[in-house]
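S.K.: First, the structure itself, so that you have it in front of you.
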Amino acid sequence: MTQTSGTTPPETPTVEPSVAGLATMGTPPGGETAPRRGRVWRRLRRNPLGVVGALILAISIATALLAPLLAPYSPAAVHFDAPFQPPGTVGFGLGTDDLGRDLLSRILFGLRASLEVGVLAVVVALAVGVPLGLAAGYFRALDAVISRFTDLMLAFPFLILAVGLAAIRGASLGNAALAIGISQIPGMIRVVRSETLRLKELDFVAASVVDGAGDLSVLARHILPNALSAVIVQATVAIPVAILGEAVLSFLGLGIQPPDPSLGTMLAEAQQYAARAPWTAIVPGLAIVVVTLGFNLFGDALRDALDPRGSRR
Amino acid sequence: MSTSSAALPGTPSGDPTPESAPALELEDLVMHFGPVRAVDGVSLRVERGRVMALVGESGSGKSTVGRCVVRLLEPTSGTVRLAGTDVTALSRRRLRPHRRDVSIVFQDPASSLDPRLTVGDIVGEPLRLLRLGHSRRERANRVAEALENVGLRRQVAERYPHEMSGGQRQRVSIARALVSSPTLLVADEPTSALDVSVQASVLNLLADLQRDMGFACLFITHDLSAVEYLADDVAVMYLGQLVEQGPRERIFGDPKMPYTQALLSAAPLANPREQRARQRVLLRGDIPSPIDPPPGCRFNTRCPVAVERCVTEVPALRLIAGRQVACHLVHDDGTGPDVRLVETSTSSETLPR
């Protein structure tokens with residue numbers, strides 16, 4: 001696959017590490033032939049909204065990775081002489097917060113933490129949710145067990161889970177992402193399960209079974225590829241939810257630790273000063289909106305490109 | 001091909017001469033879904049190279065029979081023999097060599113073709129699954145050949161199902177079913193989801209292919225004009241049981257069972273004058289629930305000529321006048337009531353047109 005070329009300078013390849021998480025999850029184990037992947041890529045490029053989404057993600061990821069080089073200050077550098085500087089102030093392009101920390105620098109580093117959490121959480125949700133969802137939908141005998149397990153997880157409060165995980169494994173960004181990912185598993189299971197239930201009744205599955213296709217072959221070749229649209233939608237919705245979930249956990253001290261920024265914690269901290277210095281909330285808020293938009297546009301385009309019936313060619 | 005079944009050990013009940021065995025033999029097939037008695041004791045035999053039409057209204061269990069034949073459903077009891085081999089009890093692994101003996105074409109080409117696969121992959125799938133054709137190239141050639149056999153250009157292998165019309169998709173479906181050269185094709189209402197204008201061409205295609213390739217066909221349908229055109233034999237189902245079965249000319253020319261008579265009188269005639277002059281038998285009510293089928297003859301609730309005995313005693317299939325028929329009112333010499341002539345006032349009426 002192509003994501004191994006992660007360190008080359010132009011900005012298009014830098015998109016791929018982020019995409020690879022979604023794309024490899026989705027590609028059926030049976031594998032598709034090369035020309036078809038070319039077709040998907042071509043259709044992706046011809047979708048203007050998808051290109052915009054990919055560009056947003058590319059720029060976000062590039063700036064997040066290059067934050068140490070791009071940021072004018074350390075994200076923790078305090079300037080007691082310049083608190084609450086509005087955006088546009090000389091030296092502080094996006095303004096400063098209550099401690100006089102440069103918002104631009106904090107946004108760049110915060111983006112990095114937030115993207116990490118978002119992608120990591122969704123990878124966890126996909127890795128566990130997709131196989132379990134397929135199994136629950138396809139094998140009647142497993143459905144009861146997996147679905148009760150799903151209900152149990154849904155009934156289990158997210159914060160308790162996160163606190164428990166932090167108690168066992170320590171409070172860190174990675175553990176926050178894990179907790180968020182776990183909390184997103186039931187949703188993923190349900191989406192995949194319902195798609196599987198619908199698809200397995202269709203005649204093309206029956207036709208394969210008549211020819212002696214095994215369960216795994218049917219799942220990999222017919223059911224997963226057709227369920228992919230729903231999985232992608234679910235995944236692109238889950239990423240911004242994870243970014244905001246991280247803010248909740250960090251606010252409680254369970255995620256990223258104080259001097260280090262993330263978009264969610266910046267937004268959470270800014271609420272105290274929202275009246276006096278609204279930009280402290282608006283700047284990270286806008287960053288979240290833009291990143292979310294990028295994921296959604298790109299996810300939609302990916303879904304359309306993977307579907308041969310898509311109207312855009 | 002002939003060695004595959006001979007090499008398989010442990011099939012003592014199998015016919016010793018598989019080459020001459022009928023393509024399909026059903027013996028007292030029963031399929032219950034919980035309390036629903038969808039199929040209740042169907043025995044049927046399709047000789048090699050013959051087309052057997054299985055007709056009946058919706059809910060009669062005809063599609064369930066088809067699904068049991070291709071082993072999509074595990075019958076509650078009874079046996080299914082494909083080309084002489086009893087496949088009812090075979091495990092998944094042991095069934096594999098016999099999978100290629102039978103294929104199925106479904107009703108709705110919109111759902112029987114995977115939208116994510118190209119036509120070439122769809123048609124080639126049986127070859128891949130049944131391990132026929134040794135190389136990718138050989139499989140591609142057989143796919144191209146199969147597509148041309150159904151009147152499509154080989155280039156459509158590159159296309160996706162959604163890029164094709166309903167009739168073309170059904171042709172793809174037929175190509176997929178026949179690419180493995182099965183001895184039996186189960187066609188489950190292959191034309192009823194198509195526009196009337198393309199139904200005829202698909203039927204013609206099936207007839208041509210059947211003549212050229214010589215496969216046997218279980219043709220499940222409620223389209224009686226298609227039956228008349230395509231079938232050698234006809235089996236009529238009502239509420240999970242066969243009520244009349246025999247050569248097409250006998251059944252169409254001189255139906256004995258009142259249900260068959262009513263069914264045939266519902267099929268439109270090509271000649272409008274005959275159509276107008278003809279009396280149509282209107283059956284009362286709907287097909288009864290297969291959860292609680294009527295006692296005696298299952299047709300007695302709707303039969304215009306039913307008598308006391310029909311409610312108390314189950315009629316057996318008897319060989320009368322060259323066909324099997326299950327009706328108390330048909331005498332051994334072949335005489336019996338004809339509901340199209342008998343009475344018009346009480347339970348059947350002529351349509352206004």
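S.K.: Is at least one residue of region B:132-150 within 8 Å of another protein chain (Cβ to nearest Cβ), open to solvent by less than 10 Å² (accessible area, probe 1.4 Å) and under 25 Å from the mean Cα position of the chain (by Cα)? Even if it seems obvious, please write down each step before you answer.
M.R.: Our first condition is that a residue be within 8 Å of another protein chain (Cβ to nearest Cβ); within region B:132-150, this holds for none.
No: zero hits.
S.K.: Six or more apart or on different chains, Cβ atoms under 6 Å: show the pairs whose first residue is in region A:98-114 and at positive phi and whose second is aliphatic (A, V, I, L, M) and open to solvent by less than 40 Å² (accessible area, probe 1.4 Å).
M.R.: Final answer for the pair search is A:Gly100/A:Ala82.
S.K.: Could you tell me which residue of region A:180-219 is farthest from the other protein chains (Cβ to nearest Cβ), considering only residues that are of a type in the set (A, V, I, L, M) and open to solvent by 20 Å² or more (accessible area, probe 1.4 Å)?
M.R.: Step one: filter region A:180-219 for residues of a type in the set (A, V, I, L, M), giving A:180, A:182, A:185, A:188-189, A:191-192, A:197, A:199, A:202, A:205-207, A:209-210, A:213, A:216, A:218-219.
If we keep only those that are open to solvent by 20 Å² or more (accessible area, probe 1.4 Å) too, we end up with A:182, A:191, A:197, A:202, A:209, A:216.
Values: A:Ile182: 30, A:Val191: 18, A:Leu197: 15, A:Leu202: 5, A:Val209: 6, A:Leu216: 13 Å.
Per the stated criteria, the residue is A:Ile182.
S.K.: Going by the conditions given, is B:Arg94 modelled with pLDDT of 90 or more and either closer than 23 Å to B:Val227 by Cα or assigned to a helix (DSSP H, G or I) (or both)? Please lay out each step first, then the result.
M.R.: Details: modelled with pLDDT of 90 or more: no; either closer than 23 Å to B:Val227 by Cα or assigned to a helix (DSSP H, G or I) (or both): yes.
Judged against the criteria, B:Arg94 is not a match.
S.K.: Counting just the residues of region B:45-60 that are surrounded by 21 or more Cβ atoms within 10 Å (Cβ to Cβ) and modelled with pLDDT of 90 or more, which one comes out farthest from B:Thr221 (Cα to Cα)? Show your work before the answer.
M.R.: Initially, region B:45-60 is screened for residues surrounded by 21 or more Cβ atoms within 10 Å (Cβ to Cβ), giving B:46, B:51-56, B:60.
When the remaining residues are screened for being modelled with pLDDT of 90 or more, the result is B:46, B:51-55.
Values: B:Val46: 16, B:Val51: 12, B:Met52: 11, B:Ala53: 7, B:Leu54: 6, B:Val55: 5 Å.
Once the filter is applied, the top-ranked residue is B:Val46.
S.K.: Among the residues of region A:233-243, are any assigned to a helix (DSSP H, G or I), within 14 Å of chain B (Cβ to nearest Cβ) and either buried (at least 18 other Cβ atoms within 10 Å of the Cβ) or touching a residue at least 12 places away in the same chain (Cβ under 8 Å) (or both)? Reasoning before the result, please.
M.R.: Of all residues in region A:233-243, those assigned to a helix (DSSP H, G or I) come to A:233-243.
Now narrow it down to the ones that are within 14 Å of chain B (Cβ to nearest Cβ): none.
No, because not a single residue in region A:233-243 is assigned to a helix (DSSP H, G or I), within 14 Å of chain B (Cβ to nearest Cβ) and either buried (at least 18 other Cβ atoms within 10 Å of the Cβ) or touching a residue at least 12 places away in the same chain (Cβ under 8 Å) (or both).
S.K.: Just to be sure before I move on: is B:Arg139 of a type outside the set (Asp, Glu) and touching a residue at least 60 places away in the same chain (Cβ under 8 Å) in the structure I sent? Quick ask: steps written out before the conclusion?
M.R.: Working: of a type outside the set (Asp, Glu): yes; touching a residue at least 60 places away in the same chain (Cβ under 8 Å): no.
Answer is no for this residue.
S.K.: Shifting gears a bit: If you check B:Arg171, B:Arg176, which single one turns out to be buried (at least 24 other Cβ atoms within 10 Å of the Cβ), within 11 Å of another protein chain (Cβ to nearest Cβ), basic (Lys, Arg) and under 27 Å from the mean Cα position of the chain (by Cα)?
M.R.: Numbers: B:Arg171 fails: within 11 Å of another protein chain (Cβ to nearest Cβ).
When all the criteria are applied, what remains is B:Arg176.
S.K.: Turning to a different aspect of this structure: Out of region B:104-115, which residues are touching a residue at least 12 places away in the same chain (Cβ under 8 Å) and within 7 Å of chain A (Cβ to nearest Cβ)? Break it down stepwise before answering.
M.R.: Narrowing region B:104-115 to residues touching a residue at least 12 places away in the same chain (Cβ under 8 Å): B:104-110, B:112-115.
Across region B:104-115, the qualifying residues are B:Ile104, B:Phe106, B:Asp108, B:Ser112, B:Leu113, B:Asp114, B:Pro115.
S.K.: What's the total number of residues in region A:158-172 that are open to solvent by 70 Å² or more (accessible area, probe 1.4 Å) and free of Cβ contacts under 8 Å to residues at least 12 places away in the same chain?
M.R.: Total meeting the criteria: 4.
S.K.: A follow-up question, please. Would a scan of region A:200-208 turn up a residue that is closer than 20 Å to B:Ser103 by Cβ, touching a His at 6+ places or on another chain (Cβ under 6 Å) and among the β-branched types (Val, Ile, Thr)?
M.R.: yes
The values are calculated or read from the model by the stated rules, or taken from the named source; none is laboratory data. Remember, predicted model here, so these are calculated numbers, not experimental data. All Cβ positions, even for glycine, are placed from backbone atoms using ideal geometry, and neighbour counts span all protein chains on display. Heavy atoms of the whole protein, side chains included, go into the accessibility calculation; ligands, DNA and RNA do not. Shrake-Rupley method; radii C 1.70, N 1.55, O 1.52, S 1.80 Å.
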